[in-house]
Amino acid sequence: MIIGNGSPWAHEKRSPAGGDNLCLASLVALNPDTGEYVWHYQQTPGDNWDFTSTQPMILADLKIGCEARKLILHAPKNGFFFVVDRKTGEFISAKNVVDVNWASGYDAKGRPIETAIARVADRPREIIPSAHGPRNWQSMSFNPQTGLVYMPVQNVPVPLLDNKDWKFNAEGRFIACDARNGKKRWEAPTGTGVIAAPSTYLVDGIVQGVPYNKDHVAEGIALCVSNCVFCHGVPGVDRGGNIPNLGYSSQAVVSNLEQYMFGALARNGMPDFMGKLQPADVDKLKAFIQGTADAVRPKEGAGTGRPGGRPLGWPPPSLGAAAQLPAAAPVDPNPS
Ligand code: HEC
């Protein structure tokens, strides 16, 4: 029986003296009759980035060189795709499937070659992939006829940042990897990207959209990633959960963002950012959120991030009674 596991991710807090943390962020083989340990392979020694190894595994029988091998194919959150011998735990290969900057690859023994920035603590850095993971619980599949593995991935950096020209790249991609050597064979965009082209549009002669300064978008991304995405998700990407995705929040909400950020919803579990963020930050956040909303709303209709609910404060006084929303479509609370 083989299980993958994770760990709370602040390595320094977990292990102030350092060390790999034996068997954490690892594949671990146990004898199901006795519970006895058989082998383990640690994918992320001394994990500091929430790179869990709990993602689904595929068991495949393949030839490596001339030898028939019983394998595990696995793509955990750390951005690499692994081929491991499932009888012995021997590492065979690891190749990255998304952009990765914490490790440049794996050595022949299966240990990651960490980059210089991987554990920098004295200044802000962006680590890719993020704690969201390029992959998570979503299944992947293997076709023995093509020898390819198919998996959905996303590219989202983590907010350890101080870099004005990093690219926010929360795009969804579908990637096929060669199961024998992990090489990327092809990839396709899934159409759920949030790299929004700022735009406005007219419905019945009324301009839709909250005006914003395009130059603010890049900084808005950084602020949103650092302060908002952990609860609200990436705007316009994941819609689920009880906390609204701001990419689908109404214009009334976006144009009054400061009220929401500075205390109005504190009773409902939304933090009060008073003293932590400035009014200028609100404009930057607005630019990013509205840029995303412009990209997603025309497809969705004038949406609300509240599952099944009406946006707060709609219609905004500036648009008046003419700007009524179509009735909100019922949202299945347990989408399949
Ligand atoms: C700790 C979690 C958390 C964080 C972090 C957080 N929020 Fe919220 N936010 C919430 C919750 C919970 C609600 C829903 C409250 C409710 O249902 O009334 C909410 C609601 C909102 C709403 C209303 C959305 C709507 O469509 O009704 C806005 C706008 C908002 N938050 C903006 C932000 C911004 C901007 C940031 C980052 C600067 C942020 N939030 C960070 C938890 C959070």
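Numbers for the structure displayed
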| item | result |
| --- | --- |
| Amide proton proximity set for residue 106, modelled H, under 5 Å, gap of 5+ | 113 |
| In the stretch 1-106, the trypsin sites (Lys or Arg not before Pro) that fall in loop regions by DSSP, at most 14 other Cβ within 10 Å | 87 |
| Whole-angstrom Cα spans of the stretch 2-168 along principal axes, big to small | 48, 37, 27 |
| Charge dipole magnitude, Cβ of K and R +1, D and E -1 - the stretch 2-168, Cα centre, debye nearest 20 | 220 |
| For the stretch 214-296, size of Cβ-based charge dipole, Lys and Arg +1, Asp and Glu -1, in debye | 160 |
| Under 5 Å, built H, 5+ apart or other chain: amide partners of residue 154 | 135, 173 |
| Cα lying deepest toward the dipole's positive end in the stretch 20-98, options 62, 35, 25, charges on Cβ | 62 |
| Total lysine pairs whose alpha carbons fall under 22 Å of each other in the stretch 1-153 (8 or more apart, or interchain) | 12 |
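Coordinate-derived values only; no laboratory data. None of these values were measured; they are calculated from a predicted model. Methodologically, a virtual Cβ is constructed for each residue, glycine included, from the backbone with ideal geometry; neighbour enumeration extends over all protein chains shown.
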